[in-house]
There are 2 protein chains.
Amino acid sequence: MINMNSNDMTLKPVGYVSSPFKKRGDAPSQGVQTNEISTINIYEEYKDAIDGLSKGDYIFVLCWFDKSDRTVIKARRRGNPENPLQGVFSLRSPNRPNPISLTLVEILEIEDSVLKVKGLEAFDNTPVVDIKPYSKTVDEK
Amino acid sequence: MINMNSNDMTLKPVGYVSSPFKKRGDAPSQGVQTNEISTINIYEEYKDAIDGLSKGDYIFVLCWFDKSDRTVIKARRRGNPENPLQGVFSLRSPNRPNPISLTLVEILEIEDSVLKVKGLEAFDNTPVVDIKPYSKTVDEK
């Protein structure tokens, strides 16, 4: 059961989010619930990696939710405190062993190494770890 | 430009993939191109995290593509060696600063801590870092 290929699984921040969500309670549970504008600020070293992205594109933004509790294995679905406990892999809760967020957003504007996006639910200053182009063929059921 | 919240961004493998793809060339570029069956083997410690998932559900599987080249910033879209270089954030290439894969798969069967799935393109023995339920509301454009 031991996997020997798991060495060096350390993420490097490629940028960070600037958003109006400063503290717990500010941010919606899902990005789709907000029309607020956030920016993704890509670090100089990774600037060329956004070449090929354009205004109007939909992208998945993967962040590192550094305020999450990584010890949580079961949680309740939001909305009702009487919801039953279920595994975090069946929920989109930020609390999970590896708190990587996944949010589909629209690019409103790109200026230099800054992407202005709509639909991100990340706190201000959250590290960004990856961006992937959305594809109807592979990401939709 | 320095983000102070980026400490401890080390991923923990929560399981690993068993698949028929043993080496480069075996695996399709996208999971949607295969009907091969893979299994996701969840480690004992994280077993309760899959509680709430069922046969027939669609899930996003996030793996750590440990054979990827993390220094690649620009690459060519597959299919034609004359395709222009573009940033890896505009591609789904496994070579990227943080080689986290994102694949939508269908759960065919769950037995104990093993998920049998269709549509995964990961090599045999690839570390799994997260599973998220797919939601039409938040993941589709």
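The values are calculated or read from the model by the stated rules, or taken from the named source; none is laboratory data. Everything numeric in this text was worked out from a predicted model, so none of it was measured. With ideal geometry, Cβ positions are generated from the backbone for all residues, glycine too; neighbour counts draw on all protein chains shown. To get the accessible areas, we keep the full protein, side chains included, count just its heavy atoms, and leave off ligands, DNA and RNA. Shrake-Rupley method; radii C 1.70, N 1.55, O 1.52, S 1.80 Å.
Out of segment B:44-57, which residues are out of contact with any Pro (no Cβ under 8 Å at 6 or more places or on another chain) and within 23 Å of A:SER135 (Cα to Cα)?
B:GLY56
Among (1) modelled with pLDDT of 95 or more; (2) surrounded by fewer than 19 Cβ atoms within 10 Å (Cβ to Cβ); (3) in contact with a Phe, Trp or Tyr (Cβ under 8 Å, 6 or more places away or on another chain), which single condition is B:GLU36 missing?
For B:GLU36, the failing item is (1).
Can you tell me which condition B:ASP48 does not meet? The list is (1) surrounded by 15 or more Cβ atoms within 10 Å (Cβ to Cβ); (2) within 19 Å of the chain's Cα centre (by Cα), and all the others hold.
If we test B:ASP48 against (1) surrounded by 15 or more Cβ atoms within 10 Å (Cβ to Cβ); (2) within 19 Å of the chain's Cα centre (by Cα), just (2) comes out false.
Looking at (1) within 16 Å of B:GLY56 (Cα to Cα); (2) open to solvent by less than 10 Å² (accessible area, probe 1.4 Å), can you tell me which one B:ILE110 breaks?
(2)
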